[in-house]
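Student: After the structure tokens below, expect a handful of questions from me.
The values are calculated or read from the model by the stated rules, or taken from the named source; none is laboratory data. It should be emphasised that the depicted structure is a prediction, and the values quoted were computed from it without experimental measurement. In this analysis, Cβ positions are derived from the backbone assuming ideal geometry, glycine residues included, and neighbour counts consider all displayed protein chains.
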Amino acid sequence: MMLSVAVKKRRGSFSLDACFELPTPGVVALFGRSGCGKSTLINVIAGLLDADAGRVALNDTVLLDTERRLSLPPERRRIGYVFQDARLFPHLSVASNLKYGEARAPAHHYVTLDAVADLLDLGSLMNRRTHQLSGGERQRVAMGRALLSQPNLLLLDEPLASIDAARRDEVLPYLETLRDQLNVPMVYVSHDFDEVLRLATYVVLMESGKTIAQGGVAEMSLNKDLRLIIGADAVGAIVEGSVLGTDPSSGLMRVKVGNGELKVHAADIAPGTKLRVQLLARDLIVATRPPRNLSVRNILAGVITAVTSDDADSDLIAIDIGATLIMARVTKAATRELKLAPGLPAWALVKAVSLRSHSFAAPPAISIAPPGA
Amino acid sequence: MTWLHPSESEALSLSLSVAARSVILSLPLALLLAWLLTRRRFPGRTLLDAFVHLPLVLPPVVVGYLLLLLFGARGPIGSWLERVLGIELIFTRNGAALATAVMSFPLMVRAMRISLENVDRGLEEAARTLGAGGFDRFTTITLPLMLPGVLAGAITAFSASLGEFGAVITFVSNIPGETRTLPLALYSALQTPGGDAVAARLAFISFVLGLSGLLLSEWFARRVRRMLGR
């Protein structure tokens, strides 16, 4: 177990009651609406806020255990923190900001200034003053500064929230780089599901101060509580796909999902590349016989595993397409007339597909990891 | 400064010396008090705050008198200082420095408090997560960020020290070459028949010193603000 957290805290009328574990190095996304207690939770993990009761442990180190009256101060927790507002030191240059944590880290350094400058493209910013940086540049420097403190865990509190939407795509690839090239476990706080889809390997859902569900991204994409947070229209299965190659006649890229195959418009991606494919429930049509003479090109065959009520008018139909679950929304009338039920063969007609995180699960080009990771 | 009489340039250099000693004496103490009053909650904080500000509202003569009671040759602190450390305050420039330090202390604490209150606690939190302990954090983050206030406070206190009259004359008297600072020399000149020209020159020096102090303080504050990009 890399990171295990179980804490309680009251603050006025708000109460935090959170419990989650991150089993592997990777990115755990703390996902929930604004004000649900995500930031409070990571401040407790960092030690910037006290917990009323609970325990936080990272690898073999206990950081907080209220029963044993143990609470390491933040400066001794070895946790890097990237704040929403970057919090660069205005009286220091970019280079001095980067070196601030490095100079205070214990003797064994697993990542160097050169490596971080390389990963985050900081070379040209080194001699600037912090107020001369754009929002995206500030966050990159903040990430570099946190990494150079040689942390055993990296906390990121909505690092993209203070950057205008148009500039977010300038920073997201760097976050992906950190995920794919470092073995530092990360906790990523976000209220934007698209960011979670791109970055997370593990998702913890939070609602009014409580952690309500957790699991892998594919598993959590089927969780019914997710609907409360992202809304019915954004619900849909996230499945692992792998690129088979380009279809010469149509020029479309073939992606294997489950036992089936999707053809999608996409830039040339090398065969074998793993992708995350999002199939929104509202974009799937269910047929109980092999459909013919349709304009829809992407059809996935499988077996219905569950029918659950989504709201007053519609049901969610889960279909197993070969060790992979997808989910379609149909009206209750359709469920009745087609007699949709678990065990029934079904064909899902896919109207739209979106691909996420190209670099996901790419093998690390260089391996950088804290000791014990 | 050949146009000055030796006694006048003596008063000028004495004033500068007294003011410098006064600032050096009060700077660390003012920093500590500003930090206590801004960052700590403890019983008696309001009382301590009021006590620090007393010299602003008390007649300077009263401050000088209280100093005489405490730091005089037979006062509890004064007699101890003389016996144990061999420091004499009465009728000396060190005594004058103490009197001006007490009088300008509230100005210095005020300037430091305002700048400390403006220091973003979030930056200190960031420093903590980067491994900086309490004292480390204060010297590398908090103090540099409040530097404009510290320097503005020091310059203001220095300028005010040059002009302190009541507390100095009451506590350490008016001894040429030892405690006769600019305002005391000016006062003595006015008491002397035909001393008008001397008084005018001394007044002019005081005016120039005060003005340059204020300008210097403003120039410095601007420079630091530009450095911090505000």
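Student: Out of the residues in region A:145-159 that are assigned to a loop (DSSP other than H, G, I, E, B) and buried (at least 24 other Cβ atoms within 10 Å of the Cβ), state the one that is farthest from the other protein chains (Cβ to nearest Cβ).
Tutor: Ranking the qualifying residues of region A:145-159, first place goes to A:P159.
Student: From the residues in region A:128-144 that are of a type in the set (G, A, S) and part of a helix (DSSP H, G or I), which one is farthest from A:R167 (Cα to Cα)?
Tutor: Residue satisfying both the conditions and the ranking: A:G144.
Student: For B:F91, are the conditions met, namely being in contact (Cβ under 8 Å) with a residue 40 or more places away in the chain and hydrophobic (A, V, I, L, M, F, W, C)?
Tutor: yes
Student: Of the conditions (1) surrounded by 13 or more Cβ atoms within 10 Å (Cβ to Cβ); (2) out of contact with any Leu (no Cβ under 9 Å at 6 or more places or on another chain); (3) more than 30 Å from B:L116 (Cα to Cα), B:L54 fails just one. Which one is it?
Tutor: Every listed condition holds for B:L54 apart from (3).
Student: Quick one: which residue in B:A197, B:A152, B:A157 is away from chain A (no Cβ under 14 Å), touching a Ser or Thr at 6+ places or on another chain (Cβ under 6 Å) and farther than 15 Å from B:A99 by Cβ?
Tutor: Just a single option satisfies the conditions, and that option is B:A152.
Student: Residue under question is A:D194, and the condition is that it be surrounded by fewer than 22 Cβ atoms within 10 Å (Cβ to Cβ), under 13 Å from the mean Cα position of the chain (by Cα) and modelled with pLDDT under 90; does it hold?
Tutor: So A:D194 passes the test.
Student: Could you tell me how many of the residues in region B:175-185 are surrounded by fewer than 19 Cβ atoms within 10 Å (Cβ to Cβ) and not acidic (D, E)?
Tutor: Adding up the residues that qualify gives 3.
Student: When B:T129 is evaluated against the numbered criteria (1) out of contact with any strand residue (DSSP E or B) (no Cβ under 6 Å at 6 or more places or on another chain); (2) within 11 Å of chain A (Cβ to nearest Cβ); (3) of a type outside the set (F, W, Y), which criterion, by number, is the only one it fails?
Tutor: (1)
Student: Can you pull out every residue in region A:116-164 that is within 22 Å of A:L63 (Cα to Cα) and small (G, A, S)?
Tutor: A:A146, A:S149
Student: Anything in region A:226-251 that is surrounded by 15 or more Cβ atoms within 10 Å (Cβ to Cβ), among the hydrophobic types (A, V, I, L, M, F, W, C) and without any contact (Cβ under 8 Å) to a residue 40 or more places away in the chain? List them, or say none.
Tutor: A:L226, A:I230, A:V243, A:L244
Student: State whether the residues of region B:148-171 include one that is free of Cβ contacts under 8 Å to residues at least 40 places away in the same chain and buried (at least 22 other Cβ atoms within 10 Å of the Cβ).
Tutor: Yes - at least one qualifying residue is present in region B:148-171.
Student: May I ask you to verify whether A:R140 is among the charged types (D, E, K, R) and surrounded by 23 or more Cβ atoms within 10 Å (Cβ to Cβ)?
Tutor: The answer is yes for A:R140.
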